1. If you line up the long axis of helix 5-18 against the longest principal axis of the chain, both from Cα atoms, how many degrees apart are they, to the nearest 10?
2. Rounded, prolate or oblate: which fits the range 132-233 when a ≥ b ≥ c are the square roots of the eigenvalues of the alpha-carbon gyration tensor, with rounded for a/c under 1.5 and prolate only if a/b beats b/c?
3. Based only on the alpha carbon positions, what is the Kirkwood hydrodynamic radius of the range 5-226, in angstrom?
4. Can you tell me the orientation of helix 88-98 relative to the chain, as the angle in degrees between its alpha-carbon axis and the longest Cα principal axis, to the nearest 10?
5. Under 1.5 on a/c is rounded, so check that first for the range 29-127, then, if it is not, pick prolate when a/b is larger than b/c and oblate when it is not; a ≥ b ≥ c are the square roots of the alpha carbon gyration tensor eigenvalues.
6. Give, rounded to the nearest 20 debye, the magnitude of the charge dipole that the range 5-226 has about its Cα centre when Lys and Arg contribute +1 at Cβ and Asp and Glu contribute -1 at Cβ.
7. Between the alpha-carbon centers of the range 97-156 and the range 45-72, tell me the distance in whole angstrom.
8. Compute the Cα gyration tensor for the range 123-185, then decide on rounded, prolate or oblate, letting a ≥ b ≥ c be the square roots of its eigenvalues: rounded whenever a/c is under 1.5, prolate when a/b is larger than b/c in the other cases, and oblate in all that remain.
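Throughout, read-outs are computed from the coordinates displayed, never taken from laboratory work. Just so you know, these numbers come straight off a predicted model, no measurement behind them. We place every Cβ from the backbone using ideal geometry, glycine too, and count neighbours over all the protein chains shown.
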Amino acid sequence: MLFSSASKKYILFLFLLIGTQPALSQNYERLRNKMVRDQIVARGITHRSTLQAMRTVERHLFVDSQLANKAYEDNPLPIGHGQTISQPFIVAYMTSLVEPRPHFRILEIGTGSGYQAAVLAEIADSVFTMEIIPELGEIAEKRLEALGYENVRVIVGDGYRGLPEKAPFHAIVVTAGAEHIPPPLLEQLAEGGKMIIPVGSQFAVQYLILIEKKKGRITTKNMMPVRFVPFTR
């Protein structure tokens, strides 16, 4: 596979950052633990696997080097192409709502930086993540590969249609605001499975909706108002 100059530059940065001095790595670890304590546990998230994944995944490796010192703050950050890496609390919240388990096969729509996929991959058996912007998908794939996430597969394509050849999925996590719930994703959700998706216009309030499939029936529950970049097709 050929990589753009921007991708090559990022990959070089990634390898350099992975090999940072022990003192710097320990500082990031302290910031990460503080992030989990102050931003996530303090807001009521108790799902143990989610908390452990958030303590483990090095968020500073999923943003531009100039933003690494802001990686553990309570904010989304830009990753280029008009996209963002979600606020840590939102990543943890969405993860905890689908209650991933070690045997799970999970579909993520909206790879972005790859951070949410990495968090899910710390818990689940396999994660399939779709990104419609080729440049972001390419960088995320190399980043996840360099970090050793062998159980993540990045697919560049239209997430609205999902990934029927790998369905059904125990959980589906959508990280872009959709105007409605895509019917193909409902079809690909396994019996007993859960999906979390932000729904609403980009110009109005979006709500995170938790969807469950039980005995072939779909139930939905509005969880909280949010603001996500729009679902792109």
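1. That works out to roughly 70 degrees.
2. Working: a/c = 1.98, a/b = 1.26, b/c = 1.57.
Oblate.
3. Value: 17.6 Å, from the Cα pair sum.
4. Helix 88-98 sits at roughly 40 degrees to that axis.
5. Working: a/c = 1.83, a/b = 1.19, b/c = 1.53.
Oblate, because a/c is 1.5 or more while a/b does not exceed b/c.
6. Working: 24 positive and 22 negative charges, 119 e Å.
Once rounded to the nearest 20, the dipole reads 580 debye.
7. Between the Cα centre of the range 97-156 and that of the range 45-72, the gap is 14 Å.
8. oblate
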